Amino acid sequence: MKEFWRNFARNRGAVVGLAILLGVLALALLAPLLYPGSPWDMAGMPFAPPGEMGMLLGTDSLGRDVAAGIAHGARVSLLVGAVSTVVALVIGVSLGAFAGYLGGWADDVVMRFTEFFQTIPSFVLAILLVAIFTPTIGSIVFAIAVVSWPPVARVVRAEFLSLRSREFVQASEVLGKSRLSIVFGDILPNALSPIVVLASLMVASAILLESALSFLGLGDPNMMSWGFLIGSGRSVIRIAWWMSVFPGIAIFLTVLSLNLVGEGLSDALNPRLTRNRGGKA
Amino acid sequence: MTRLLTVENLTVALPAGADRPHAVEDLSLHLDAGEILCVVGESGSGKSITANTVMGLLPKGLPVTAGRITFEGEEILGLSAEALRSRRGRRMAMVFQEPMTALNPLMKVGDQIAEALQVHGQGHAARARVPELLAAVNLPDPAAIARMHPFRLSGGQRQRVMIAMALALEPALLIADEPTTALDVTTQMQILRLIREIQSRKGMGVMFITHDFGVVAEIADRVAVMQHGRIVEQGPASEILNAPRHPYTRALIAAVPHGAAAARAAIRPAPVLEMKGVQKTYQRGGWFGARATVRAIHDADFTLNKGETLGLVGESGSGKSTLARCVVRLVEPEQGEILFHGTDLRPLSRQGWLPYRRRIQMVFQDPYASLNPRRKVGEAIMEGPITHGVPRAEALARARELLRLVRLDESALERYPHEFSGGQRQRIGLARALAMQPELLIADEPVSALDVSVQAQVLELLAEIRQRLGLTMLFITHDLRVAAQICDRIAVMRRGAIVELGATDQVFGAPKHEYTRALLDSIPGREWTPPELSESA
Amino acid sequence: MGASKLPGYLLGRVVKAAIVVLAIVVCNFFLIHAAPGDPASIIAGQSGAADAKFLEQLRAQFGLDQPLHVQLWLYLKGVLTLDLGFSHRQQMPVSTLLWDRLPATLLLTGAAFLFAVGLGVTMGALAARRVGTWGDSVITVLALAFYATPLFWVGLMLVLLFSVTLEWLPSFGMASVGVEMSGLEAVLDVGRHLILPGLTLGLFYVAVYARLTRATMLEVADQDFVKTARAKGVPEGRILRRHILRNALLPVITFAGIQAGQLVGGSILVETVFAWPGIGRLAFEALLARDYQVLMGVFFCTSVMVVLFNLVTDLLYALVDPRVEASA
C-alpha cells in the first residue's frame, strides 16, 4: 500500500488530479449547506453578471444562481458517473471473464456481441434509449452503462485469455482447484489493475456523456446538472457568456482530474493497459 | 593475420540504481580477420553490451566512460554518428537473437536486403545481388523468397535472411548476438555451419556471442568468458574448453550436461501410465477463411513403468508438451486411452479427476510465469493439499519440510515469488508439486529457462528427489544432453508422433530412426566431451 | 501462397457488416416494443399530435395486432426496401428527410476526420521524435485537455471567441442566408461556415490521434527490426519514415475504425451547437418533438455510415499489412 502510494505520488499530475477530485467531491457533499434551497429557485435579478449583486458566478435568464446550479450539479454528475460505471463494470467484467475463461464458442458469441455494441454509434443509441424510456436518472444511468461496457469486456477478456494459459493457472488446474476458486483466487486478482484504471477513465467519460445528454435536453427534469446549465445558456451566449462558461469549466476540471488520477493509477499499478480508449461522444 | 578489432580497457556505465555500477568494466579483447571469437557468459554478464558498443548501437542510458575501440586501424569511439552509420552494414554487420522480430513485418525481405545496399550507395546492384545473397545462405528459390513478407518464413529462414542482409556489403566484421538461441537444434546446426562456411570463404572476423558451451565447441577459434561485466578468462578454444583455469569457467563447464548416458538399473515392467491411441487435432481458421486441421498428437503410444523416468524429446512444435498436457487434462484429446494404473482418465469428469490430482503432478517451464505473483510462497505450496482436505497445520508442516528438501530457507513461506531468482522459483514450483505427494511427476522443460549453472543444480535436485521419493517421471525436454543425463528411456517425437522409443544408451548409441540421427548430429559440440572437473578447483 | 486470399477476407467482412446492419434493425424494432406505452403512439410521437385515425393506420401498417414475429418480419421488409417510416411531424417520409440531410453531415464529419488524422498523426510523430522536450510536453498537455473538454462546450467557446467577440466567422448554418452567390463564392461561403464546426469536432480527435501516434511510435521504435535497420546503417530519417511510421500507422487505422461511431455521435452535438443542417441537427429537432420514427431512422442511418466506414478501414488495413491475408 505504501509502495503503491509512492508510485502514485511520483506522477505529479495524478496528485493534482486527486486534489481537484476531492474538491469536487467536497462541493457535491456540501452543496445543500453552501446553497440551501432548490437551485431552481430564483435568487436574484435575471442575467446578473458574475460578481455583481452578490452572485459569485452570475445568474441565468430566470435569475437562478449559476454557482448554486454548479454545486448541486456536481452531485448529479458524480452520482451518474459512479453508478453507471459500476453497472458497466458488472456487465463488462462478467461477460469478459466468461468469454476469456471459457474460450471457444462462448468467447466467439460474446465477442461478436461486444463488437456489435462497439460498432454502433454509442451516443446515438444512448440518446434513443433515454428518449424512449423518458429522461430520468435511472434511464440515463442505464443508457450510459449500456454504451460503456464493451471496452471493459474486451480488456477483461484479453486479460483472462492470457492469464488462463499462464502456467500458474495451469498449475492450479493440476492441483485440482475448483473453477470458481481459480477464477477468483488466481485470475481476477491479477487482472484487477487494468480494470481499476479503466474504471477511473470510465467515470470520466460517463460524466461527459451525461453532460452531453442533458445539454440536448435529455437530463432528468428534476435534477440540476452541468450539461443542462450549458444547454440553457447556449441561446443567450451573446448576452450572458457566464451561463455556459462556468459549468463547462466545472466539467473540464472534473473530467481532467479523473483522467489524471487514472494515469496515476496506471503508473502505480503498472498494468499493460493500452491507452487508446475511445470513450467520448 | 591482420588485426581487425581491438577493444582496450572498455568501461560502460549502468544507470544509477542498477545492481552494479558498470555493465562492462575494464574489458579488453581483440579479433583478427578470418577468426571466430566466442564471447561466452550467462545472462546479464555484459556480452551483448560489448557487442552493441562496438557497433555504436548502445542505448542512450549506457555511456562509455573509459577505453578505446580500434576497428580497421581507426579509433571509432570518438567518431560522429554519421561516420559510424556509414560503417555499419558496410564494414561491420550484426545478426540478432530473435529472428521472429528482427525483420520489418511490413516490408518484403528482398526490399529489406536491398535497403542495406541502397543506404550505402549500392542500390543499382540490388536487383542482381539480392537473389545471389539469398542463394548464398542456402535459401531455396531466392527470387520467390525475395518477394515474400517475413511472416511467411520460418525462424530458421528468417535468420538466413538476416545473415544474407548482414553479408550484403561484404563487411570485414560480423557480430552475431546469440543468433541460434531461439532456433531448434537441427536449424541451429545448419546456421552454425553456414556462418562457419561463409566466414572461411570471405575471411571475415566473427564475434559470436553465446551462453552455450556446446556452440562454443562447435564454432570458436578463440574464447572470452565473461562474468559480471568482466572478462575472467580468454584464450584458444581448445585450451578453454578442455583445461579451463578460472573457477567461474570451470564451474560453467562442469555444469554442462555431459550427454553420456549412464548405465541404469533395469526397470521392472510395472505400468503406471499407458497412452494408447491418443489423438488431438486443432482446427485453425475463422468463420469464413479456409479451415486447416493440424494433427497435434497421433501415433504416440508409450508406457511408463514404476520408478522410471521417460524423456519426451523433440523440437518445438513436435507435440511433446501437448502430449504431456493430455496426461493432466490441460489438453483434452478427442480419442484414445490414458490409463493410470489401468483406469482410463480420459472420459472422467472434472469431479472424477479430483482423486487423481493428488497422484499426478506437474512442474512447469517458465519460473516467472508458473507462480501466482500475488500469492505468498507458503500459500502456493499449501493450497493444493488444503484443497484436498489436508488440515492447515499439517499442510504447513509439510510445506516446511519440502522447503528444506528443495534447499530453501523456511522464511520463504512468508515471501512473494518476485523476491526469488529463477532457479529458486523453479524449486518452489517443485515443492508445490511434491506437496501433493504424487507418484507420477510430469516435468515440462523444467530447466530450459535457466542459466546453465542453475540448470545443473535443479537437475541434480530433481534426480535426488526422484531417488528418495521413488517418483515416476515424465520428463519433457528439447535438450538431448539433459535428456541423456536424467532419463532411463527416451521417446523421440516429431510432428505429433513418437518416431523412436528405447533405452537412453540405445537411442544415443545406436539410433534407429533417421530423425533421431539427425537430432543427435545437431547437438552442438558433439565431438567435445566436457572434461571431468572437481568442483572445488 | 501466390493466390491472394484478399477477396475471401473482404467477403467475410461484407457479410459481417450486413449482419451488423440487420442486428441494428432488429434492435430498433425491439426498442419500440420495450418502451413503456402503446407502440403505435410511440411510432407516431407521443406529444398528443397523433389523432386516433393515424394510430389505427399505424397499427395496420405495422401489423400491431399480429404476433411479434410477424411484426418483426413486416418491419424488416420495410427497412430493407428503405422504407424507414413516415414522420407525422414533418409530413415527410423519414428516408427523404435523411437523404436531404446526409450530404451536410458527410461534409462535416469527413472534413473533421481528415483534419484530425492529418494534424494528429503529424503532431504525434513530432512529439515521439522529440520525446521529453517542451514540444512533446505541450502536445501531451493539449491532448489531455481536449480529452477532458465536452465537445459542445468547445463549440460554444469558439463561437464566443470567433463570432461574438472577434466577429471573424459565422456561428450558425451552412451558408449565408439571403445572399445570392455563385460558383466559387458559394463554395468559399460554405467553407467559412465549416471552419468552426469542423474545428470543434476535429480538435478532440486531433488530441486522440496525436496521443495514439506518439505512443505507438515510441513502442515501435523499441522493436528489434528498428535495431536491425540501424545495424545495417540506415539513416535515422529513413528509419523513421520507412520502418517506424509505417508500422505505427497500423493501430491508427484500427482506431479510426473503432472511433467512427464516436465521430458520428459527436456530430450530433456539433450540429446542434452550430445549427448545421445535417443528420445530427435533424436528430435534435426530432428529439425536441419526440419524433421517434425520425430518431430511429437517424440511428439506422448513422450505424450504416459507421459500418461502411469500418469496411473501408478494414480494406485499408489489409492493403497495408500483408499478414491480414494469412489470418483471414
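Under 26 Å from the mean Cα position of the chain (by Cα) and of a type in the set (Ser, Thr, Tyr): does that describe B:Ser453? Don't jump to the end; show me each part of the working.
Values: under 26 Å from the mean Cα position of the chain (by Cα): yes; of a type in the set (Ser, Thr, Tyr): yes.
So B:Ser453 fits the description; yes.
Go through the stretch A:233-252 and count every residue that is more than 8 Å from chain C (Cβ to nearest Cβ) and open to solvent by 40 Å² or more (accessible area, probe 1.4 Å).
4
Given the conditions (1) assigned to a strand (DSSP E or B); (2) crowded, with 20+ Cβ neighbours inside 10 Å, report the number of the one that B:His120 does not fulfil.
Tallying (1) assigned to a strand (DSSP E or B); (2) crowded, with 20+ Cβ neighbours inside 10 Å, B:His120 fails exactly one: (1).
Kindly evaluate A:Val76 against the criterion of being of a type in the set (Val, Ile, Thr) and more than 15 Å from A:Met243 (Cα to Cα).
Values: of a type in the set (Val, Ile, Thr): yes; more than 15 Å from A:Met243 (Cα to Cα): yes.
So A:Val76 fits the description; yes.
Hey, among C:Phe162, C:Phe172, which residue is aromatic (Phe, Trp, Tyr), surrounded by 13 or more Cβ atoms within 10 Å (Cβ to Cβ) and free of Cβ contacts under 8 Å to residues at least 40 places away in the same chain?
Numbers: C:Phe172 fails: free of Cβ contacts under 8 Å to residues at least 40 places away in the same chain.
Unique residue meeting the criteria: C:Phe162.
Looking at B:Ala380, is it surrounded by fewer than 23 Cβ atoms within 10 Å (Cβ to Cβ) and facing chain A (nearest Cβ under 10 Å)? Give the steps one after another, and end with the answer.
Details: surrounded by fewer than 23 Cβ atoms within 10 Å (Cβ to Cβ): no; facing chain A (nearest Cβ under 10 Å): yes.
Taking the combined requirement at face value, the residue does not satisfy it.
Residue check: is B:Tyr368 open to solvent by 20 Å² or more (accessible area, probe 1.4 Å) and either touching a strand residue (DSSP E or B) at 6+ places or on another chain (Cβ under 8 Å) or modelled with pLDDT of 90 or more (or both)?
Values: open to solvent by 20 Å² or more (accessible area, probe 1.4 Å): yes; either touching a strand residue (DSSP E or B) at 6+ places or on another chain (Cβ under 8 Å) or modelled with pLDDT of 90 or more (or both): no.
No: the conditions fail for B:Tyr368.
Under the condition of being within 14 Å of chain B (Cβ to nearest Cβ) and either free of Cβ contacts under 8 Å to residues at least 60 places away in the same chain or assigned to a helix (DSSP H, G or I) (or both), which residue from the stretch C:295-323 is most open to solvent (accessible area, probe 1.4 Å)? Spell out how you get there, then give the answer.
Residues of the stretch C:295-323 that are within 14 Å of chain B (Cβ to nearest Cβ), as a first pass: C:314, C:316-323.
Keeping just the survivors that are either free of Cβ contacts under 8 Å to residues at least 60 places away in the same chain or assigned to a helix (DSSP H, G or I) (or both) gives C:314, C:316-320, C:322-323.
Details: C:Asp314: 37, C:Leu316: 86, C:Tyr317: 59, C:Ala318: 6, C:Leu319: 116, C:Val320: 45, C:Pro322: 17, C:Arg323: 82 Å².
Step by step, filter the stretch C:295-323, then rank; the result is C:Leu319.
Go through the stretch B:453-468 and count every residue that is of a type in the set (A, V, I, L, M, F, W, C), in contact (Cβ under 8 Å) with a residue 60 or more places away in the chain and open to solvent by 20 Å² or more (accessible area, probe 1.4 Å). First the steps, then the outcome.
The first filter runs over the stretch B:453-468 and keeps only residues of a type in the set (A, V, I, L, M, F, W, C), leaving B:454, B:456, B:458-459, B:461-463, B:465.
Of the ones still in play, those that are also in contact (Cβ under 8 Å) with a residue 60 or more places away in the chain are B:456, B:459, B:465.
Applying the additional criterion that residues be open to solvent by 20 Å² or more (accessible area, probe 1.4 Å) yields B:456.
Summing the residues that are of a type in the set (A, V, I, L, M, F, W, C), in contact (Cβ under 8 Å) with a residue 60 or more places away in the chain and open to solvent by 20 Å² or more (accessible area, probe 1.4 Å) in the stretch B:453-468 gives 1.
Go through the stretch B:383-410 and count every residue that is among the acidic types (Asp, Glu) and in a loop (DSSP other than H, G, I, E, B). Don't jump to the end; show me each part of the working.
Our first condition is that a residue be among the acidic types (Asp, Glu); within the stretch B:383-410, this holds for B:383, B:394, B:401, B:409-410.
Next, from what is left, pick out any that are in a loop (DSSP other than H, G, I, E, B): B:409.
So the count comes out to 1.
If you check C:Pro197 against the conditions, is it in contact with a Phe, Trp or Tyr (Cβ under 6 Å, 6 or more places away or on another chain) and within 30 Å of A:Ile239 (Cα to Cα)?
Numbers: in contact with a Phe, Trp or Tyr (Cβ under 6 Å, 6 or more places away or on another chain): yes; within 30 Å of A:Ile239 (Cα to Cα): yes.
Here the answer is yes, as C:Pro197 does meet what is asked.
Check whether at least one residue in the stretch B:419-426 is outside the structural domain of B:Met226 (by TED's automatic domain parsing), buried (at least 22 other Cβ atoms within 10 Å of the Cβ) and not polar (S, T, N, Q), and report yes or no. First the steps, then the outcome.
Initially, the stretch B:419-426 is screened for residues outside the structural domain of B:Met226 (by TED's automatic domain parsing), giving B:419-426.
Within this subset, residues satisfying the condition of being buried (at least 22 other Cβ atoms within 10 Å of the Cβ) are B:425-426.
Retained after the next criterion (residues that are not polar (S, T, N, Q)): B:425.
Yes, the stretch B:419-426 contains a residue that is outside the structural domain of B:Met226 (by TED's automatic domain parsing), buried (at least 22 other Cβ atoms within 10 Å of the Cβ) and not polar (S, T, N, Q).
Which residues, taken from the stretch B:123-156, are in a helix (DSSP H, G or I), within 14 Å of chain C (Cβ to nearest Cβ) and among the aliphatic types (A, V, I, L, M)?
B:Ala126, B:Val130, B:Leu133, B:Ala143, B:Ala144, B:Ile145, B:Ala146
Can you tell me how many residues in the stretch B:413-429 are in a helix (DSSP H, G or I), at pLDDT 90 or above and more than 12 Å from chain A (Cβ to nearest Cβ)?
Here the count works out to 4.
Taking helices (runs of 4 or more DSSP H) that do not extend beyond the stretch A:172-259, which have at least 3 residues that are touching a Ser or Thr at 6+ places or on another chain (Cβ under 7 Å)?
Values: elements: A:179-182, A:188-215, A:226-234.
Correct list: A:188-215, A:226-234.
For the stretch C:231-256, enumerate the residues that are in contact with a Lys or Arg (Cβ under 8 Å, 6 or more places away or on another chain) and touching a residue at least 12 places away in the same chain (Cβ under 8 Å).
Passing the criteria: C:Ile239, C:Leu240.
Please go through the stretch B:198-228 and give me each residue that is hydroxyl-bearing (Ser, Thr, Tyr) and open to solvent by 10 Å² or more (accessible area, probe 1.4 Å), ordered by number.
Initial filter on the stretch B:198-228 (hydroxyl-bearing (Ser, Thr, Tyr)): B:200, B:210.
Hit for the stretch B:198-228 is B:Ser200, nothing else.
Would you be able to say whether some residue in the stretch B:517-525 is in contact with a strand residue (DSSP E or B) (Cβ under 7 Å, 6 or more places away or on another chain), outside the structural domain of B:Thr186 (by TED's automatic domain parsing) and open to solvent by 20 Å² or more (accessible area, probe 1.4 Å)?
Checked against the condition, which is being in contact with a strand residue (DSSP E or B) (Cβ under 7 Å, 6 or more places away or on another chain), outside the structural domain of B:Thr186 (by TED's automatic domain parsing) and open to solvent by 20 Å² or more (accessible area, probe 1.4 Å), the stretch B:517-525 yields no hits at all.
Taking the stretch C:272-294 as the search range and keeping residues that are under 19 Å from C:Thr109 (Cα atoms) and assigned to a loop (DSSP other than H, G, I, E, B), which one is most open to solvent (accessible area, probe 1.4 Å)?
C:Pro277
Against the conditions (1) more than 8 Å from chain C (Cβ to nearest Cβ); (2) farther than 23 Å from A:Asn7 by Cα, where does A:Gly262 fall short? Just the number, please.
The number of the failed condition is (2).
Sort out which residues of the stretch B:333-382 are within 22 Å of B:Ala449 (Cα to Cα), outside any strand (DSSP E or B) and among the aliphatic types (A, V, I, L, M), and write them in order of number.
Within the stretch B:333-382, B:Ala369, B:Leu371, B:Val377, B:Ala380, B:Ile381 qualify.
Based on this model, can you work out whether A:Pro135 counts as within 14 Å of chain C (Cβ to nearest Cβ), buried (at least 19 other Cβ atoms within 10 Å of the Cβ) and part of a loop (DSSP other than H, G, I, E, B)? Outline the logic, then answer.
Details: within 14 Å of chain C (Cβ to nearest Cβ): yes; buried (at least 19 other Cβ atoms within 10 Å of the Cβ): yes; part of a loop (DSSP other than H, G, I, E, B): yes.
It is true that A:Pro135 is within 14 Å of chain C (Cβ to nearest Cβ), buried (at least 19 other Cβ atoms within 10 Å of the Cβ) and part of a loop (DSSP other than H, G, I, E, B).
Those residues that are at the interface with another protein chain (Cβ under 9 Å from one of its Cβ atoms) and open to solvent by less than 20 Å² (accessible area, probe 1.4 Å), I need them from the stretch C:142-153; list them, please.
The initial filter retains those residues of the stretch C:142-153 that are at the interface with another protein chain (Cβ under 9 Å from one of its Cβ atoms), namely C:144-145, C:147-153.
If the condition is that a residue be at the interface with another protein chain (Cβ under 9 Å from one of its Cβ atoms) and open to solvent by less than 20 Å² (accessible area, probe 1.4 Å), then C:Tyr147, C:Ala148, C:Thr149, C:Pro150, C:Leu151, C:Phe152 are the ones that fit.
Only one of (1) part of a helix (DSSP H, G or I); (2) touching a strand residue (DSSP E or B) at 6+ places or on another chain (Cβ under 9 Å) fails for C:Gly198. Which number is that?
(2)
When only residues in the stretch C:235-256 that are hydrophobic (A, V, I, L, M, F, W, C) and open to solvent by less than 30 Å² (accessible area, probe 1.4 Å) count, which is farthest from the other protein chains (Cβ to nearest Cβ)?
As a first pass, look at the stretch C:235-256 and keep what is hydrophobic (A, V, I, L, M, F, W, C): C:239-240, C:244-245, C:248-250, C:252-253, C:255-256.
Next, only the ones that are open to solvent by less than 30 Å² (accessible area, probe 1.4 Å) stay: C:239, C:244, C:248, C:250, C:252-253, C:255-256.
Working: C:Ile239: 10, C:Ile244: 10, C:Ala248: 11, C:Leu250: 8, C:Val252: 9, C:Ile253: 12, C:Phe255: 6, C:Ala256: 10 Å.
Step by step, filter the stretch C:235-256, then rank; the result is C:Ile253.
In the stretch A:162-196, what count of residues is obtained for those that are under 30 Å from A:Gly264 (Cβ atoms) and either under 29 Å from the mean Cα position of the chain (by Cα) or within 7 Å of another protein chain (Cβ to nearest Cβ) (or both)? It would help to see each step written out before you state the result.
Step one: list which residues in the stretch A:162-196 are under 30 Å from A:Gly264 (Cβ atoms), which gives A:162-164, A:166, A:168-169, A:183-196.
Cutting the leftovers down to either under 29 Å from the mean Cα position of the chain (by Cα) or within 7 Å of another protein chain (Cβ to nearest Cβ) (or both) gives us A:162-163, A:166, A:168, A:183-196.
Counting residues in the stretch A:162-196 that are under 30 Å from A:Gly264 (Cβ atoms) and either under 29 Å from the mean Cα position of the chain (by Cα) or within 7 Å of another protein chain (Cβ to nearest Cβ) (or both) gives 18.
Among the residues that make up the stretch B:39-48, is at least one of them closer than 23 Å to B:Leu173 by Cα and within 14 Å of chain C (Cβ to nearest Cβ)? Steps first, please.
Within the stretch B:39-48, the first condition is being closer than 23 Å to B:Leu173 by Cα, and the residues that meet it are B:39-41, B:45-48.
Within this subset, residues satisfying the condition of being within 14 Å of chain C (Cβ to nearest Cβ) are B:48.
There is at least one residue in the stretch B:39-48 that is closer than 23 Å to B:Leu173 by Cα and within 14 Å of chain C (Cβ to nearest Cβ).
Is there a residue in the stretch C:203-217 that is open to solvent by 30 Å² or more (accessible area, probe 1.4 Å), within 8 Å of chain B (Cβ to nearest Cβ) and closer than 30 Å to B:Ile113 by Cα?
First, the residues of the stretch C:203-217 that are open to solvent by 30 Å² or more (accessible area, probe 1.4 Å): C:203, C:211, C:214-215.
Okay, now just the ones that are also within 8 Å of chain B (Cβ to nearest Cβ), so none.
Looking for residues that are open to solvent by 30 Å² or more (accessible area, probe 1.4 Å), within 8 Å of chain B (Cβ to nearest Cβ) and closer than 30 Å to B:Ile113 by Cα, one finds none in the stretch C:203-217, hence no.
The values are calculated or read from the model by the stated rules, or taken from the named source; none is laboratory data. All figures in this text were calculated on a predicted structure; none of them were measured in a lab. Positions of Cβ are backbone-derived with ideal geometry, glycine not excepted, and every protein chain shown enters the neighbour counts. The accessibility values were calculated without ligands, DNA or RNA, using every heavy atom of the protein model including side chains. Shrake-Rupley method; radii C 1.70, N 1.55, O 1.52, S 1.80 Å.
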